[in-house]
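Everything below concerns the one structure shown next.
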Amino acid sequence: MTDDYYKEALKLGQKEYNRCVSQGISPCLPVLDDFLSSENTSTGIDLGLVQIPSEFIVGTKTRGRVNAFAPNFMPMLEEGTEFSEKWKRLCDAHLTEGIRDPIKVYEYMNRYYVEEGNKRVSVLKFFDAPTITGNVTRIMPEKTDDPDTELYYELVAFSKYSKINFVEFTKKGSYAELQKLLGKEPAEAWSEDEQKDFTAAYYYFKQAYIQNGGEKLSSTVADAMLSYIKIYGYKDLLNTETSEIKKNLSRMWEDVKLQQDREPIELKTDPSEEKKPSMFSWILPLTNPIPQSVLKVAFIYDGNPDISGWTNEHEEGRLHIEEVFGDKIETKAYPNAMLDDPLKVLEKAVEDGNKVIFTTSPRLLRASLRAAVDHPDVVIMNCSLNKSHRYIRSYYTRMYEVKFILGAIAGSLSETGKLGYVGDYPIFGQIAGINAFALGAQMVNPRAVVQLEWAGVKGAHEAAKALNEKGVHIISSHDTAPFRQDRRSNYGLSYIYKGRNEMLAIPVWKWGVYYEEILHRVFDRTVKSEYESSKKALNYYWGISAGVVDLEYSSELPLATRKLADFIKDGIIHCPSSPFLTPLITQSGELIGEDESALSLEQIINMDYLVENVEGSIPRYEELSPIGKATVDMVGIEQSQDNADAEEKK
């Protein structure tokens, strides 16, 4: 029997050898000593006994036996040799009592190189053993800006708490995101039961992934699994059989394929430049090209418009489009979706016949994505930024443009140069607003310093009070009035002193204009060609030039200051000019860019640093309020902070 197994293994080795030769690649196992010096390997970290994923065992430590194996670890030496006899004895031991002695390996960049036990690896790989027990010495690479090295350091941090070493992602931040989606704090250890449950779920998912053709993709099983969990949830994955996972994966396969792209998001920045025939034919099949007489449009709110200023702004947008489109549309609002299961609210909106659904909060993103996958004939758009999902579109405004102007106003009015800023949550776009405000102030007053507090940590009132106690009286706070009946409470740019709150200028969200433009694109079929011509996630990110955001001045604001603000706004609309001209200097002294060029929108959205004239820091996840944590879970930038802090503690 073992003779037959060796013959079969030898054929597999020869086949792999010939394949490599025909493709012009090395037909031998990689050798660690060929690309790492003995100095590197002598300073390794002893990890002890580890269950090693057999697919990650890829080479040998030294050149001693390199010609005895093909790159798949199958034998290359003919029968009758001493090598073949030893291989057969190991094969017999495996079949009768199991191979018990651990191998000895070196791990580098999550790939394993065998020092002792090459034949044991060969036999176990032949029998498709998922893991092989080994004593592991880890060789850490030098820290660089190389994406693969950065990802590896994230994996090391993740595996420290999870004890999971077989999950590999292709995008930074994914390990921290997985930890969070599984309900774990950033540095929270996994129990043995949690490790076993995840391992089982991963391998069930892997089977479904391969059955759907996942091996043809350049992304990884883990990339696809993370996308799956975002849509269906981890508990669902734990309780779902492979056949059902396969069906769910097929529904969301475009999202899975999107993970191959290093830059999966396409930003739509100006509606006037993007106008092409399209989107309504995506809503209705081409076999039924005649639009309905009345288009039903739903607005899903996470709060109540009578209490929440943010929700009220969107409600006014809904009323605006009813007035503009008249009997062409029928709208319905669904308030307080977060009080229950938001997915049920979305399902009700679909059941009610709505073909376009706007979900107006990042907290509704996950439910929106699940509903979009389940109902591909409905257009679902979520009010958020920088999310790479193929089945929904996100929309947001370039509020940082307004913040730059407000900063210039604040800097021109301050005699001391001490200014305040109350941030909401550390989410995409928020850091850009803080930095834009600081740079606008610095432009007109080189001595301007911006003190930063966070409403998501202390509450807006307490944050403003803390700034006042530091002697700061010109403060930028909420972009939207906290309550409909109180439009002057910690809102916009204010002068706050001894209980007096004087409004200077306020941001204006024009959601009605936004929704009007989107629905025009629905009726003139603009977005179908967008969707079909792009294989990426589509994010609408419109600004002052699109008329979806603006600012208003107090009558008390000096005329010269208003002229300055209008001059800057005119430059943003017509030049266009950018608040973020390099070089920028961060708090840590790092230089961003060298010549006088504008940062790209992607660089602006993904800012996770504060510029030099900001005093304060980005809060950590555990400091945030419950609503802040829920928002950051969806669109937060804090993952990079967690990773950076974790690395500093090593």
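Put simply, of Leu178, Leu217 the only residue that is surrounded by 17 or more Cβ atoms within 10 Å (Cβ to Cβ), under 27 Å from Thr137 (Cβ atoms) and in contact (Cβ under 8 Å) with a residue 40 or more places away in the chain is Leu178. Applying the criterion of being within 22 Å of Leu151 (Cα to Cα) and surrounded by fewer than 21 Cβ atoms within 10 Å (Cβ to Cβ) to the residues of region 603-633, the residue that is modelled with the highest pLDDT is Tyr609.
Here region 181-200 is the region considered, the condition is being of a type in the set (A, V, I, L, M) and under 19 Å from Leu155 (Cα atoms), and the residue that is surrounded by the fewest Cβ atoms within 10 Å (Cβ to Cβ) is Ala189.
Consider Ala349 carefully, then state whether it is without any contact (Cβ under 8 Å) to a residue 40 or more places away in the chain, aliphatic (A, V, I, L, M) and on the phi < 0 side of the Ramachandran plot. Taking the combined requirement at face value, the residue does not satisfy it.
Among residues of region 327-343 that are small (Gly, Ala, Ser), those with a beta-carbon under 6 Å from a residue that is open to solvent by less than 50 Å² (accessible area, probe 1.4 Å) and in a strand (DSSP E or B) at least six positions away or on a different chain give the pairs Ala333/Phe299; Ala337/Ile300.
Annotation: Leu95 fulfils all but one of (1) open to solvent by 70 Å² or more (accessible area, probe 1.4 Å); (2) touching a strand residue (DSSP E or B) at 6+ places or on another chain (Cβ under 9 Å); the unmet one is (2). In region 1-53, the qualifying residues are those that are among the β-branched types (Val, Ile, Thr) and open to solvent by 40 Å² or more (accessible area, probe 1.4 Å), and the one that is farthest from Ser159 (Cα to Cα) is Val21. The single condition among (1) farther than 25 Å from Leu624 by Cβ; (2) open to solvent by 10 Å² or more (accessible area, probe 1.4 Å); (3) outside any loop (DSSP other than H, G, I, E, B) that Tyr400 does not satisfy is (1).
From Glu517, Glu530, which residue is under 24 Å from Leu365 (Cβ atoms) and open to solvent by 10 Å² or more (accessible area, probe 1.4 Å)? It would help to see each step written out before you state the result.
Working: Glu530 fails: open to solvent by 10 Å² or more (accessible area, probe 1.4 Å).
Only one candidate passes the filter, namely Glu517.
Selection within region 564-573: residues that are farther than 17 Å from Leu493 by Cα and free of Cβ contacts under 8 Å to residues at least 24 places away in the same chain. The member of this set that is most open to solvent (accessible area, probe 1.4 Å) is Phe567.
Screening Glu552 against (1) out of contact with any strand residue (DSSP E or B) (no Cβ under 8 Å at 6 or more places or on another chain); (2) in contact (Cβ under 8 Å) with a residue 12 or more places away in the chain leaves a single unmet condition, (1).
Residue-level check: of (1) modelled with pLDDT under 90; (2) buried (at least 21 other Cβ atoms within 10 Å of the Cβ); (3) among the charged types (D, E, K, R), Glu453 misses just (1).
Considering Lys328, Lys230, Lys296, Lys247, which residue is surrounded by 20 or more Cβ atoms within 10 Å (Cβ to Cβ), modelled with pLDDT of 90 or more and of a type in the set (D, E, K, R)? Break it down into steps so the answer makes sense when it comes.
Numbers: Lys328 fails: surrounded by 20 or more Cβ atoms within 10 Å (Cβ to Cβ); Lys296 fails: surrounded by 20 or more Cβ atoms within 10 Å (Cβ to Cβ); Lys247 fails: surrounded by 20 or more Cβ atoms within 10 Å (Cβ to Cβ).
Among Lys328, Lys230, Lys296, Lys247, only Lys230 is surrounded by 20 or more Cβ atoms within 10 Å (Cβ to Cβ), modelled with pLDDT of 90 or more and of a type in the set (D, E, K, R).
Do we have any residue at all in region 590-599 that's open to solvent by 30 Å² or more (accessible area, probe 1.4 Å), among the polar types (S, T, N, Q) and more than 23 Å from Asp479 (Cβ to Cβ)? The answer is yes; a qualifying residue exists.
Filtered by the rule that a residue be within 50 Å of the chain's Cα centre (by Cα) and open to solvent by 40 Å² or more (accessible area, probe 1.4 Å), region 72-85 gives Asn72, Met76, Leu77. The criterion of being open to solvent by 70 Å² or more (accessible area, probe 1.4 Å) and in contact (Cβ under 8 Å) with a residue 12 or more places away in the chain holds for Lys104.
Quick one: which of Asp255, Asp261 is within 27 Å of the chain's Cα centre (by Cα), of a type outside the set (Gly, Ala, Ser), assigned to a loop (DSSP other than H, G, I, E, B) and at pLDDT 80 or above? When all the criteria are applied, what remains is Asp261.
Evaluate the following for Asp236: is it open to solvent by 30 Å² or more (accessible area, probe 1.4 Å), without any contact (Cβ under 8 Å) to a residue 12 or more places away in the chain and touching a helix residue (DSSP H, G or I) at 6+ places or on another chain (Cβ under 9 Å)? Yes, satisfied. Here Arg138 meets the list (1) in contact with a Gly (Cβ under 8 Å, 6 or more places away or on another chain); (2) closer than 23 Å to Leu12 by Cβ almost entirely, failing just condition (2). Only residues that are under 21 Å from Arg366 (Cβ atoms) and either more than 21 Å from the chain's Cα centre (by Cα) or in a loop (DSSP other than H, G, I, E, B) (or both) were counted across region 173-187, and they come to 6. Annotation for region 569-579: no member residue is of a type outside the set (Lys, Arg) and closer than 27 Å to Ala176 by Cβ.
A count restricted to region 414-426 and to residues that are at pLDDT below 95, open to solvent by 20 Å² or more (accessible area, probe 1.4 Å) and not aromatic (Phe, Trp, Tyr) stands at 3. Among the criteria (1) free of Cβ contacts under 8 Å to residues at least 40 places away in the same chain; (2) over 30 Å from Asp146 (Cβ atoms), the one Ile231 does not fulfil is (1).
Among the residues of region 461-480, those identified as open to solvent by 20 Å² or more (accessible area, probe 1.4 Å) and over 18 Å from Ile431 (Cβ atoms) are His461, Glu462, Lys465, Asn468, Glu469, Lys470, Gly471, His473.
The values are calculated or read from the model by the stated rules, or taken from the named source; none is laboratory data. Note that the structure is predicted; figures quoted are calculated from it, not measured. As a convention, Cβ positions derive from the backbone with ideal geometry for all residues, glycine included, and neighbour counts pool all protein chains shown. Ligands, DNA and RNA are excluded from the accessible area calculation, which covers all protein heavy atoms including side chains. Shrake-Rupley method; radii C 1.70, N 1.55, O 1.52, S 1.80 Å.
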